[in-house]
1. I'm told residue A:104 meets every condition in (1) within 7 Å of chain B (Cβ to nearest Cβ); (2) surrounded by fewer than 24 Cβ atoms within 10 Å (Cβ to Cβ) except one. Can you identify the failing condition by its number?
2. Given the conditions (1) farther than 22 Å from residue B:202 by Cα; (2) under 17 Å from the mean Cα position of the chain (by Cα), which single one is not true for residue B:171?
3. In the set A:750, A:762, A:740, which member is in contact with a Phe, Trp or Tyr (Cβ under 8 Å, 6 or more places away or on another chain), within 25 Å of residue A:643 (Cβ to Cβ) and not assigned by TED's automatic domain parsing to the domain that holds residue A:432?
4. Name the residue that is nearest to the other protein chains (Cβ to nearest Cβ), counting only residues in segment B:58-75 that are buried (at least 17 other Cβ atoms within 10 Å of the Cβ) and modelled with pLDDT of 95 or more.
5. So residue A:76 fits all but one of (1) closer than 30 Å to residue A:524 by Cα; (2) touching a residue at least 40 places away in the same chain (Cβ under 8 Å); what number is the exception?
6. May I ask you to verify whether residue A:678 is more than 9 Å from chain B (Cβ to nearest Cβ), under 21 Å from residue B:163 (Cα atoms) and either within 20 Å of the chain's Cα centre (by Cα) or buried (at least 22 other Cβ atoms within 10 Å of the Cβ) (or both)?
7. For the subset of segment A:39-56 comprising residues that are aliphatic (A, V, I, L, M) and not in a loop (DSSP other than H, G, I, E, B), which member is farthest from residue A:635 (Cα to Cα)?
8. Condition test on residue A:632, is it out of contact with any His (no Cβ under 7 Å at 6 or more places or on another chain) and within 13 Å of chain B (Cβ to nearest Cβ)?
Amino acid sequence: MAKTNVRATGGIILPPERRTATGELQQVAWENRIVDTAAVEVPVPAGEPPIWDVETRPQVIGKALPRLDGPIKVSGRADYTYDQLPPGTLYGKIVRSPYPHARIVRLDLERAQAMPGVHAIIRLDEADLQHSSAAAAAAEPGTAVAAHKQNGGASGKRNPLFVGDEIAAVAAETEEQAEDAARAIEVEYEPLPFVADLETARQPTAPRVHAGRNNVRKLPAPRGSNGDRGDIHAGLAAADVRIEGEYRTQVALHNALETHGVVARWETSNQLTVWAATQGIFGVRGDLATFFHLPPHRVRVITNYLGGGFGAKFGAGMPGIVAAWLAREAKAPVKLMYDRKEENLASGNRPSSHQRVRLGAKKDGSLTAIEIISYGTPGTGHGAGVGGMARRAYNCANVRQQEHDVATNLGPAAAFRAPGYPQGAFALEQALDELAERLQMDPLELRLKNYREHPFKALRRQYEIGAERIGWSRRQHWQRGEGAVRRGLGMASACWPTFGGPPATARVTVQPDGTVTLTVGSQDIGGGTRMIAAQVAAEEFGLTPYQVRVELGDTRWELYGPASGGSVTITSIAPVIRAAAWQAQQKLLAALAPGLNVPPEQLKLAGGKLHGAGEPIPFARACARLRQGTISAQADRAANYERNLTDMFGAQFAEVEVDTETGRIRVVKIVAVHDCGRAMNRLLAESQVNGGLIMGLSYALYEERVVDRPTGHVMNPTLDFYKLAGTREIPEIETVILDAIDPRSNNVDAKGLGEPPIVPTAAAIANAAAHALGVRLRELPMTPDRVLNALAALNS
Amino acid sequence: MRAYGSGQLLKDVHMKKNKSGHGTISRRGFLQGLGAGAGAAGVLTPGTLAKLPPATQGAASAAVREIELRINGRRRRVRVEPRVTLLDAMRERLRVTGPKRVCDRGECGACTVFLDGRPVYACMVLAVDAAGHAIETVENFGTPKRLTRLQREFVEHDAQQCGFCTPGFVTAATALLRRRPRPSDAEIQSALSGNLCRCGTYPKLLAAVRVASRPARRSQSAASSPGKQHKQR
Ligand code: FES
Ligand code: FES
C-alpha cells in the first residue's frame, strides 16, 4: 500500500492531576502535562485519517465517561449466553471421568436412553474428536449413537486423562433430567497409572501422561534482543555480585463468573446458530464450521454480553461442539453451561511454576546476567512458560531462559491474563530486590540503573509518579514497627509485548434520521469495547458516544474482528473504527455540501451540530437533507505504521502490614501506574487496572488449586473452597493512567491494557512483605502458614 | 487402585445454611445426595458413584408439581420438581434472568433476590419453599431509562465491567440501603462481602454505594449520561 511520510510529535502526557507539596491532588493544565516530546517521521498508508500526535486533543476519546451499556447491566437486562432460552430448549450435561487416567472397559447408554425426558446421548471417548466430526456431519440426525455402537469396542478409543475428562453427554428436557440421565450412563473404568504433581512427573520413572511422549518438554527459546542473548557464563563470571533463588507459584483458576457454555440451535440441517460465552466469536464459528463440515457462513455465533473470560474462552471447545452435536441429534436447541466444578476441572487454569533465578551484577548495580530455569505444569495442556519479563523488561547483555512444560494428569491449562508474566515477575522482581539488598541500593534505583530505553516509553515517569504517591522516600528512614505487626514498602515493574493489528473490519452508516450505526466484528468481554467503539465513532461525527448505535458480538455481518486476548481488542478495532467513521463523515459532508452551497472542506461536525454554512444545524436536521438515503463506509484495519513498537510497561507500589503472630499479610495500599498508549476512556482504563491488580492481589494471597496427589482429584473446584478476594480484602487503591503517545503505532495511538496490571502485583506485595519481615516469601500464595514458616526459618 | 471420592461426592451431600438465616436445608444437591445414599458417601468410590441407580429419578419426576411464585408483583405458575431451586425456576422456566447462577451454593451472591423483603441467595432456596412468598428481583428496581439512584451511581462510577456480578451487588446494596439509608464504609464493605466480582470492580462499587447513600449531587449533564443513549440490545 502506498505510504506517505508524515512528521508527528510523540511524547508523554502526564495525568490530569498532580500532588502538591502538601500532598493535595491538583489539576494540571494540558500544556504542562506534555513532556518528553520527540518528532518522528511516520509512514502512513493511503486512506488513513489524519494522524493524531501528542498535541491532538480529541473531544470524546480519553474522557472519563461511563459506559453506555451500564444501565442495561445494572438493571439486570443484559442478555448473556447463560440467559438464552430459545423455545423448546433442552439441557445438555456431560459425563466426566472420576479417574485421572483410565481405560473405558464398558460404556452402556441403554438405561440412560430410557430415562424420562432424554432426547439424545453422544459418546465423547473417540480417539480423536475431530474424527467424530465426519460421523456427526454425515449421519442423519438421531443416528449417532447407533453409529457409535457399531464402532464400540473397536480400538481408537480415547482414554480419559484427568478427573473431569469428557466421556459422554446427554440432552434432556430439564436440567434435573439431564443430570439423572448422565448418572444413569454406566461406565466401567480400568484405572491406569497416573501422575498428579509436578515433582513426580519430572522423574524419569513417572507414568507418562501422553503415550509416547516425555512428560517434560523444553519450550522453544526466542533469540535476539527480546530473547536469549549473549553468554550467560561470561555474564556471571563478569559479575561482582551473584544471587540465586528458587521461587514457586501455584496453579490458579480463572473463575470468570459466567462459566463456559453454549446454546446451540439448528435452523435447518445445515444452518447453525449458537450463543457462546466466548472471547472470540469468529474462532467459535471456525471450529464449528470445521467440525460439522459447513461453510463458515452457515454458522452464526452471537455473544451479546460475556461474563468475563480472562483468557480461557477461545474457540468452540467442548461446550460448543457438544451442545451443537446434541442439538443436531435431538433436533432441538440445546443449552449447555458448565457448572462451577466443571469450569474448574476442565476449562483451563494458570499453570504452576518452579523457577530457579540467577542474577549477576556489577557493584554499581548494572546487570551482567539473567538466568531463569523454570518448570511448570499445564496439566494435559501446554503453556507453562513464565513469560518474557526476564528477556524484555531490563537492559542486560546476557540472558538465558530455559522453560519447561511438565505434563500431569490434571485439567489442561488455558491462557490466563498475561500468560506467564505474573509468574515470571514474581521471581525476577524479587530477585532484583534481593540483589538491591546485597548491593545496599534502593530497589527503584537498581531498576533505573538497568532501564531499557525505547521510543516513547513512559516507565521512568511511571516510577516517579508511583514513588511519589506511595511515599517511597519514607523508605530511607523506614520503621518496620516494634510490635507484632511489621510494615513494608515494595514495588515491581510490568511489561507486556503484544499489539493488535490487521485483520479487522468496521462499517459505519448514517441514516437520514441522524442515526449513526457502527458495526464491528468484535465482542465486549467486559472491558468496555462497546463504549470505546462508540467513542471513536462519535469523535469523528462530533456526537456523544451515547448517540452512536453499536452492533458487535455477531458473526452474521461478516465483518471480522479479532478475539479478545493478549490485550489486542482495542488496538485492533479502534483504528479501523476511526478509519470507517472518518470516511463516512467525509462522505456525509460531501453529500450535504452542494445543498448548502458551500465546499465540503468548509463544513465541520462538532458539538452535535454541523458548522460552516451559516447558523449551526443540529446533526439530525442536517442528516435529514441527505438525498440519497444512507451514507455508509467500510474500512479494513491498516497495518501498524511501524513494525517494532515499544512494549507496554507499568509499575506498582505496595504498602503492607504483616502480623508476625498470625502470619497474615494485609495490603494497606497499592499505587498502580500504567499506560495504554493514548487512553481511550480514563474511567474504563481505571477499571481495567483495578481489575488486573485485584486479580493479582487475590493470586498473591489467596488463590490456589489444591490437588489430592494419591487420587488426582482437585479438592477445591468450587467457590466455597477456592478463595477469591472480596470486598473485605481490598486495600486503598490509587490508579494512575498516563498517556504514552507513540504516533508510529496506529491512528488513535492505542495500546492494550488488559494484561499489564496483573503482572507486577504479586511481586510488589512480596517485595513489600520481605521489606517488612526481613525474610523473603518465595512461594505463592503467601498464606499465613508460609509467612510463619519463613519467620521460623529466619529465627532458627 | 482405588480412588476415593473428594469434592465430587461432597457436593452432592453438602448441606448449607441459607445465609439469610432462614436455616433451611434447601439444596437440590442435598436431595439428590440423599437419594444416592449419602449416608455412605465417605466410602463410595467415584466408580461406584457412576454405577449407582438414579434413585431419585422416578420419585422426583412423579413429584413434579405446579406452584405459584409471586415475582415482582406478578403471580406466575410453574411446574417444578421439589429439588429445583428458586433460582433455576426463575431463570430456566420463567425467564427472569437478572439473578445469575455462578457458584450455585451460596458463596457468590450473584443470585441474590428479596424474599419477603429480605435478601436471600436464590440458589439456596427451593422453589417449592418460595411458593406463596413475595419475591423481588433486580428487574423490579429500575429500568435502563429510569434507574434508581443507586443504579445510576453504579453506572457513573463504572461499578460494573462484564456485569455478571452486578445484579447481585445491586440487590445486596439495595437491601443495605433499605435497612440503613446512611451506612458507614465498614457497613458497606461488610454488607457486600457475600458477593464476588472477578473483574475487580470493588473499589468503584463501594464508592457507588457510598455516594448513593449521601444527598444527591447536582444532576449530570444530559449529554454525558448514558441514560440518554440509544437503546442497546
Ligand atoms: S449462585 Fe447463588 S450464591 Fe452464588
Ligand atoms: S463485573 Fe465482571 S464479575 Fe463483576
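The values are calculated or read from the model by the stated rules, or taken from the named source; none is laboratory data. Quick caveat: nothing in here was measured; it's all calculated off a predicted structure. FYI the Cβ positions are ideal-geometry reconstructions off the backbone, even for glycines, and counts take in every protein chain you see.
1. Status for residue A:104: all satisfied but (1).
2. Failing condition for residue B:171: (1).
3. The match here is A:740.
4. B:72
5. Residue A:76 satisfies every listed condition except (2).
6. Considered against the rule, which asks whether it is more than 9 Å from chain B (Cβ to nearest Cβ), under 21 Å from residue B:163 (Cα atoms) and either within 20 Å of the chain's Cα centre (by Cα) or buried (at least 22 other Cβ atoms within 10 Å of the Cβ) (or both), residue A:678 comes out as no.
7. The residue in question is A:39.
8. So residue A:632 does not fit the description; no.
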